[in-house]
1. Within region 136-158, restricting attention to residues that are within 24 Å of Gln271 (Cα to Cα) and of a type in the set (Val, Ile, Thr), which residue is most open to solvent (accessible area, probe 1.4 Å)?
2. Against the conditions (1) at pLDDT 90 or above; (2) outside any helix (DSSP H, G or I), where does Glu125 fall short? Just the number, please.
3. Kindly check whether there is at least one residue in region 80-91 that is acidic (Asp, Glu) and modelled with pLDDT under 95.
4. Looking for whichever is part of a loop (DSSP other than H, G, I, E, B) and polar (S, T, N, Q) here; the options are Asn306, Asn298. Which one fits?
5. Suppose we keep only residues that are crowded, with 17+ Cβ neighbours inside 10 Å and assigned to a helix (DSSP H, G or I) within region 236-257. Which one would you say is modelled with the lowest pLDDT?
6. Specify the residue that is surrounded by the fewest Cβ atoms within 10 Å (Cβ to Cβ); the eligible residues are those in region 83-132 that are without any contact (Cβ under 8 Å) to a residue 40 or more places away in the chain and within 19 Å of Leu8 (Cα to Cα).
7. Surrounded by 14 or more Cβ atoms within 10 Å (Cβ to Cβ) and not aliphatic (A, V, I, L, M): does that describe Phe204?
Amino acid sequence: MMRKVLILTNKDDITVDFIVRELKKREISYYRLNTEDIPSSISIIFDINNESYRLFDKVKNIEIDLLEFDAVYYRRPGISNLNHINELNSTELYYLKSELTFILEGIYKILRNKYWLNNVYSIREAENKIYQLEIAKNIGFTIPNAIISNDEKAVNFMREVHNNDLIIKPIKSGNMEYKNVKKAIFTTKIREEQFDDIDRITSFPIFMESNIHKKLDLRCTVVGNDVFAAEIHSQISEDSKIDWRKGKKILNHKEHNLPENIKKMCIELTQKLNLNYSAIDMVLDENNNYIFLEINPNGQWAWIENRLQFPISKRIVDLLMEGEVKCLQD
């Protein structure tokens, strides 16, 4: 019997459009839940005693039984800004948004025995770069020389070993929001004079890595047992050399033929982190060494499919239809 798919995301998520298109093409039943529509245009009807968990979509005038879904595609759920409720003060707004957050958590738990791509709690665990690097190194990946420290001696030792050629990056994600404006903190080369501010160094732990001199960046998209590797030619411009996402120019992308052992490690890492999908960032250095940087358990992939015609959306839908069901763990 064909599965029914629930998509958890937000209105602005263009990537999900690729999945919706593939689901429609195959005539697979699905519902896209833009979670920021709760509660303004989507009502919650949870009757716990009778084990009935339903939503009512006021716009489409349809009722959705959450227990009827077999597979969940977790992308980018959002929380309502609650603008439809008048005269909320900041304390009330904080409280109600917290309540909405736990309503979503309840939905995840209700759906815990469905097939997930990806398991929301596995995503959260896998986002920690300390944990990622530990697992990746144990699997066999080459990783950069890295420390997380606010100890002056440790920082100075890294400086000496790498002749001040170091980069700084966020431990989790560089994505943040300030006064409703989305911002990003990119990987950045540390300037020599920044090391002179000892108070700043010792006041908070920083994540430092050796600066890898690279030929190109690699984005390896893992879907089940498939790996789609894309070269990103980041070294053509100064602003994209350290972090290709900062580049102002459109960078050339090409399909890359990964060595079989690297491909197997990508799949193994994804599975070790209890993920069915991942986006792995690596670099090919000047000596043709493959060096693991990080794994994004819920990374973007639509632009890669668009540019290189990789069948990523098809493989994701294949997994949603055929993947082995595992219980959701917290």
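The values are calculated or read from the model by the stated rules, or taken from the named source; none is laboratory data. Bear in mind the structure is a predicted one, so any value in this text is a computation, not a measurement. All Cβ positions, even for glycine, are placed from backbone atoms using ideal geometry, and neighbour counts span all protein chains on display. SASA here: full protein model, heavy atoms, side chains in, ligands and nucleic acids out. Shrake-Rupley method; radii C 1.70, N 1.55, O 1.52, S 1.80 Å.
1. That would be Thr142.
2. (2)
3. yes
4. Asn298
5. Trp244
6. Phe102
7. No: the conditions fail for Phe204.
Conditions tested, residue by residue: (1) in contact with a His (Cβ under 7 Å, 6 or more places away or on another chain); (2) charged (D, E, K, R); (3) modelled with pLDDT of 95 or more; (4) within 15 Å of Glu63 (Cα to Cα).
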| residue | (1), (2), (3), (4) |
| --- | --- |
| Asn10 | no, no, yes, no |
| Leu23 | no, no, yes, no |
| Glu27 | no, yes, yes, no |
| Tyr30 | no, no, yes, yes |
| Ile38 | no, no, yes, yes |
